[in-house]
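The values are calculated or read from the model by the stated rules, or taken from the named source; none is laboratory data. Given the structure is predicted, the values throughout are model-derived calculations rather than measurements. A quick note on method: Cβ atoms are made from the backbone with ideal geometry, for glycine too, and the neighbour counts reach across all protein chains shown. Heads up: the accessible areas ignore ligands, DNA and RNA and are worked out on the full protein's heavy atoms, side chains in. Shrake-Rupley method; radii C 1.70, N 1.55, O 1.52, S 1.80 Å.
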Amino acid sequence: MRGRGGSLCRLLASSGLIGILWIIAASRWIATDTVVPWDSKNQFYAFFRFLASALQSGASPFWNPYHYGGHPSVADPQSLIFAPAFFLWALFDPAPSLRTFDLLVYGHLLVGGLAVGAIGWRARWPVAACVLAAAVFMFGGAAAGRLQHTGMIISYGLFPPALLLLQLALERRSIVIGAAFAAVASALALERNQVALLLSFVLVAVALGEIVSAGRPLRYLRERLAVLAVMAAIGSALVVAPLLLTMQFAALSNRPDVLLDTALKGSLYPAHLAQLAVADIYGVQSEFWGPGPGSIPDIANTDDSFNYMFVGSAPVVLLLWFGLLGGQAFRPGRRVLTGAITLALLYAMGRYTPLFSWAFEWFPGVNKFRRPVDADFVLVAALALLCGHVLADYVREGLPRRRVAASIVTAAGGVAILAWAVIFMARSGHGMAALHAVLQTAPIGLGAILVLALARAARARTVAAAVVALVAVADLMWWNVAFRLNAERRLNYAVLDQPKPADAKVLELVERLVRERQAVGERPRIEIMGMGGPWQNVAVVRGLEAINGYNPLRIGFYDRLVSPGESNWQVDLRSFPASFDGYDCALARALGLEFVVLDRPIEQMRHLARLPVADMLQDGPEVWVYRLRDASPRLTFATRIQVADADAVGGSGQLLLSPSPDRVLIDDDTPPSRRYDFAQGASAGRARIVSWSLDRIEIEADSQLGGMLALHDTYYPGWIAEIDGMRAPILRADVLFRGLELPPGAHRVVFRFAPFSVDNLRDALRLVLHRPQ
């Protein structure tokens with residue numbers, strides 16, 4: 001009973017300390033009135049707000065009409081639809097704040113940290129080892145430098161609980177725990193990013209390691225077949241359909257197949273390993289001068305946040321001294337972790353080792369991603385767990401056996417990496433700053449060695465481990481919490497949450513005019529350009545249908561013809577192809593583009609073929625708002641129908657036949673069932689929207705002759721049309737839009753988005769399997 005009580009106290013103590021560390025870290029952002037910047041707010045937060053507003057309105061969030069003229073959120077890995085914590089919060093909060101969003105993101109790190117502590121508790125680690133491992137996991141390396149990449153942080157945070165549940169399910173042969181593991185692992189995988197893929201590989205490797213290392217592997221496997229079957233069945237049921245929709249989107253998106261040469265540009269330069277122990281060796285805390293696209297073109301797809309690796313000099317000492325030299329990293333139960341560390345390093349370095357190129361060719365899913373440096377997340381997670389193991393070994397067993405030759409080689413290798421980093425910095429004139437950073441950090445590493453070496457008795461080793469853990473945690477939190485790569489003033493992103501008066505005035509003006517148009521049955525669209533990063537997806541937050549936004553993943557034919565670009569924070573990033581050569585072109589009118597918000601007068605925009613006829617609604621001094629004339633209605637009946645190859649008509653950014661108010665072009669892959677011959681000047685009919693929601697549009701239509709109804713919303717798989725309750729095929733109209741054949745008479749038409757319908761999933765599978773490579 002005493003042993004069980006002591007064990008429980010150890011669990012409570014480590015969990016409490018981990019929680020306190022997390023609260024201290026989170027409060028640093030709050031105390032400095034900062035938030036996690038960049039993609040975290042410009043993209044993920046905006047999508048979270050859309051998720052919340054969609055659920056509050058009673059509509060599904062699967063289709064986002066406010067983004068790029070219509071966007072399949074259900075297939076977008078960045079939508080947060082399948083992130084349980086965000087989904088549940090959105091059910092109750094219609095407008096989550098910037099701070100709420102950050103706390104939910106941090107919460108995933110807390111869950112991961114507590115699970116790391118629980119893993120250590122089960123392995124009988126002392127409290128110091130549990131706390132150190134959890135701190136390295138929550139605040140180390142990529143977890144700090146890439147806090148902006150919300151989806152990756154979610155996958156990363158869910159890895160330790162998934163690992164814990166996997167261990168418990170296999171150990172206890174519990175179907176219930178196995179089902180829980182499948183649910184958590186599915187949530188991890190459904191972020192559908194490279195970190196999720198790599199961490200899933202690690203979980204598979206752990207399961208295989210448990211089987212292989214068992215005394216009688218076949219018997220061990222046979223006894224756990226039911227548990228493994230439940231894991232596989234539940235995991236497949238949760239993951240397969242969303243993953244298939246994402247693959248469908250990828251096949252139809254603007255994103256080309258990733259080539260190996262492109263992927264290798266996201267490699268980790270080996271000299272960055274010096275930053276594992278020295279946080280500021282490249283000046284990252286103020287102004288980065290280290291290896292990156294500016295100095296090494298071969299790694300153009302990385303930057304200082306992608307490459308950030310600092311976990312602390314004390315953990316590095318532990319790993320090298322006890323783990324490597326002492327051989328503790330190769331003990332049973334740790335070989336998978338050590339293998340994960342090794343492979344993650346080799347993978348992350350991309351072009352500098354053969355592993356990534358091999359994996360790109362042969363491992364499923366790897367060739368879908370373009371930055372091997374993402375493996376840094378796997379590296380930090382495995383390092384954290386191994387740190388806990390080796391510190392626990394020290395408390396139990398003391399110092400490892402001396403190996404003079406190996407120690408000299410290891411020390412020489414560490415010094416060589418540090419020297420490489422200093423020499424690299426010297427080339428840019430910052431060698432002394434790098435050397436100063438090394439000297440500033442050295443006392444922590446040397447002090448850890450001294451403290452651990454001097455403690456001989458068991459009680460003294462416990463105290464020494466606690467001292468080293470305390471210093472290491474303080475070092476991590478000093479450098480990595482609320483610093484340049486993960487904190488900016490909250491005021492910078494206020495337009496997304498609580499706009500400043502000037503910004504609120506602009507938004508209220510546009511919203512009022514849009515509502516007035518909607519009151520008479522029209523649904524105008526807007527474009528926002530040049531207003532800075534936080535404005536890029538403000539339309540998503542405010543419920544305004546925009547033809548642009550900020551997202552690297554867009555519907556391919558829309559992107560080619562409208563060319564909105566990946567981001568709109570700067571006006572000069574807007575290109576105008578021949579199909580969309582200005583705001584008064586036929587395609588702009590067909591899209592219903594009616595309002596343009598700019599950071600300058602429209603006359604100063606480059607690349608416009610001509611100035612549009614527009615009414616100025618606000619004339620600066622910081623924001624200019626224009627209302628374009630002659631925008632087309634959302635619904636039209638055509639008097640002429642032409643069948644052609646839409647991909648050929650709209651190929652290569654050219655629109656050979658521009659949308660016309662009296663003619664509709666139907667793709668030959670979705671031809672009409674009959675000819676429509678109208679007399680000159682005959683009216684095809686009339687139609688109006690009577691009900692509109694995110695994923696459902698109801699229309700009343702009346703036609704004496706029958707004809708083609710064109711809804712100027714983006715054509716995309718998964719949309720279903722019904723005429724008076726009966727299914728009807730949706731035709732691809734004018735390359736971009738949805739067309740529907742209507743028989744004569746009065747009808748009620750419904751368009752609804754049903755991505756999980758059997759027909760769409762079957763079509764998605766067919767598209768993915770037959771997509772040309």
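Some values worked out for this structure:
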quantity: The chain: calculated mean residue ellipticity at 222 nm from DSSP helix runs of at least 4, using -39500 (n - 2.57); calculated: -15500 deg cm²/dmol
quantity: Cα convex hull of the range 52-192, projected area averaged across orientations, nm²; calculated: 9.9 nm²
quantity: Beta bridge orientation in the range 525-675: antiparallel %, DSSP, nearest 5; calculated: 50 percent
quantity: Cα centroid separation - the range 330-355 against the range 402-446, whole Å; calculated: 22 Å
quantity: Two-decimal Rg to Rh for the range 434-538 - Kirkwood Rh, Cα set; calculated: 1.41
quantity: Euclidean distance between Cα centres, the range 606-641 to the range 277-300, Å; calculated: 44 Å
quantity: Alpha carbon convex hull of the range 330-412, volume per residue in cubic angstrom; calculated: 124 Å³
quantity: Ellipsoid equivalent to the range 525-595 - semi-axes via the Cα gyration tensor, in Å; calculated: 18, 14, 12
quantity: Sequence of Lys265, Lys505 when ordered by accessible area, the most exposed leading, probe 1.4 angstrom; calculated: Lys505, Lys265
quantity: Cα point-scatterer Debye curve for the range 266-337, base-10 log of I(q)/I(0) at q = 0.13, 0.18, 0.20, 0.28 Å⁻¹; calculated: -0.49, -0.75, -0.83, -1.17
quantity: Amide H within-cut-off set for Arg732, under 5 Å, with H built and near neighbours excluded; calculated: Asp667, Thr670, Gly739
quantity: Alpha-carbon centroids, the range 701-734 and the range 565-603: separation in whole Å; calculated: 28 Å
quantity: Nearby lysines by direct alpha-carbon distance to Lys505 (threshold 28 angstrom, same-chain neighbours under 8 apart not counted); calculated: Lys41
quantity: Spread of Cα-to-Cα distances over 5 Å intervals beginning at zero, given as percent, for the range 535-642; calculated: 2, 11, 19, 26, 23, 11, 4, 2, 1, 0
quantity: Under the Karplus curve 6.51 cos²θ - 1.76 cosθ + 1.60, θ = phi - 60°, whole-Hz ³J(HN,Hα) for the range 579-591, x wherever Gly or Pro sits; calculated: 6, 9, 8, x, 7, 10, 6, 4, 5, 4, 5, 5, 6
quantity: For the range 1-117, alpha-carbon Rg over 2.2 N^0.38 Å; calculated: 1.35
quantity: Shape of the range 696-740, Cα gyration tensor, a/c cut at 1.5; calculated: oblate
quantity: Global geometry of the range 485-554, whether rounded, prolate or oblate, following the gyration tensor of its Cα atoms and the 1.5 cut on a/c; calculated: oblate
quantity: Distant-in-sequence amide H partners of Trp719 (H built 1.01 Å from N, under 5 Å); calculated: Ala754
quantity: In Å², nearest 10: area of Thr100 left accessible to a 1.4 Å probe; calculated: 30 Å²
quantity: Stokes-Einstein D in µm²/s, Kirkwood radius over Cα pairs - the chain at 4 °C with 1.567 mPa s viscosity; calculated: 46 µm²/s
quantity: Mean Kyte hydropathy of 1.6 or more with a Cα span along the axis of at least 15 Å, helices from DSSP in the chain; calculated: 127-139, 175-189, 194-213, 225-252, 404-427, 431-454
quantity: Nitroxide proxy distance, nm - points 7 Å out along Cα→Cβ at Ser673 and Arg216; calculated: 6.6 nm
quantity: Radius of gyration, Dmax [the range 576-625; alpha carbons; angstrom]; calculated: 11.0, 32
quantity: Rounded if a/c under 1.5, otherwise prolate or oblate - the range 484-605, Cα gyration tensor axes; calculated: oblate
quantity: Other-chain or far-sequence residues with amide H under 5 Å of Ser253's (modelled H); calculated: Gly556
